[in-house]
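Heads up, the thing below is written out as structure tokens.
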Amino acid sequence: METSLAERIATDPNYQALTDRRRSFSWKLTIAMLVVYYGYILLIAFGKDILAMPIGQGVMTWGVPIGFGVIIFTIAITAVYVYRANNEFDDLTEKVKREALK
């Protein structure tokens with residue numbers, strides 16, 4: 001009896017490598033994002049004096065560039081994921097497709 005397409009894909013070592021690498025990498029980025037975001041929220045809750053300190057002689061406080069940094073960090077880790085997905089994960093996906101359609 002011939003195995004189904006789903007079974008062939010599930011048992012493919014390339015598919016297993018793809019899912020393991022993607023899951024591991026996604027969790028690392030998720031943890032990094034949670035640390036940065038909730039760190040900023042905790043700083044807002046418990047470090048208002050730090051965020052309220054003016055930068056130099058101007059009226060801007062440290063809260064603005066730190067908040068902007070959270071946004072930039074989010075964009076950066078998204079770019080890192082897209083780069084890795086386009087280079088590593090897409091290659092593994094193509095290998096899985098080739099093996100499954102043999």
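So which helices of the chain fit the span-like rule, where a helix is a whole DSSP H run, its Cα atoms reach 24 Å or more along the axis, and its mean Kyte-Doolittle is at least 1.0? Let's see the in-between values first.
Values: long enough: 13-46 (48 Å, 0.44); 63-84 (32 Å, 1.69).
Passing helices, by number: 63-84.
Quick one, can you get me the convex hull of the C-alpha atoms of the stretch 25-73 expressed as volume per residue in Å³? Don't skip to the end; give the middle numbers.
On the way: hull volume 3.1 nm³, N = 49.
Taking the convex hull of the Cα positions in the stretch 25-73, it is 63 Å³ per residue.
Give me the percent of accessible area attributable to carbon and sulfur for the chain, probe 1.4 angstrom.
Details: 5150 of 7610 Å².
Using a 1.4 Å probe with all protein chains present, the chain comes out at 68 percent carbon and sulfur.
Tell me which residues come under 5 Å, amide H to amide H, from T61 once H is placed; ignore anything under 5 positions away on its chain.
So T61 has HN proximity to I55.
Roughly how big is the chain's charge dipole about its Cα centre, with Cβ charges of +1 (Lys, Arg) and -1 (Asp, Glu), in debye to the nearest 20? Don't skip to the end; give the middle numbers.
Working: 11 positive and 10 negative charges, 19 e Å.
Roughly 100 debye for the chain.
Which of G67, G56, G39 ends up with the largest GNM mean-square fluctuation for the chain, with Cα atoms connected below 10 Å?
Its mean-square fluctuation being the largest, the pick is G56.
Taking 0.36 nm per residue of sequence separation and subtracting the Cα-Cα distance, how much length would be gained by fully extending the chain between Y83 and E99, in nm to one decimal?
Numbers: separation 16, 0.36 × 16 = 5.76 nm, distance 2.43 nm.
Residue separation times 0.36 nm, minus the Cα-Cα distance, leaves 3.3 nm.
Along Cα→Cβ, 7 Å out, is where each label goes; now give me the distance between the ones at D91 and A45 in nm to one decimal.
According to this spin-label approximation, the distance is 4.3 nm.
Over all alpha-carbon pairs in the chain, figure out the percentage whose distance exceeds 25 Å. Present the calculation step by step, with values, prior to reporting the outcome.
Values: 2415 of 5151 pairs.
Of the Cα pairs, 47 percent sit more than 25 Å apart.
The values are calculated or read from the model by the stated rules, or taken from the named source; none is laboratory data. Since the model is a prediction, treat every value here as computed from it, not as a measurement. As a convention, Cβ positions derive from the backbone with ideal geometry for all residues, glycine included, and neighbour counts pool all protein chains shown. Remember, those area values only see protein heavy atoms, side chains included, never the ligands or the DNA or RNA. Shrake-Rupley method; radii C 1.70, N 1.55, O 1.52, S 1.80 Å.
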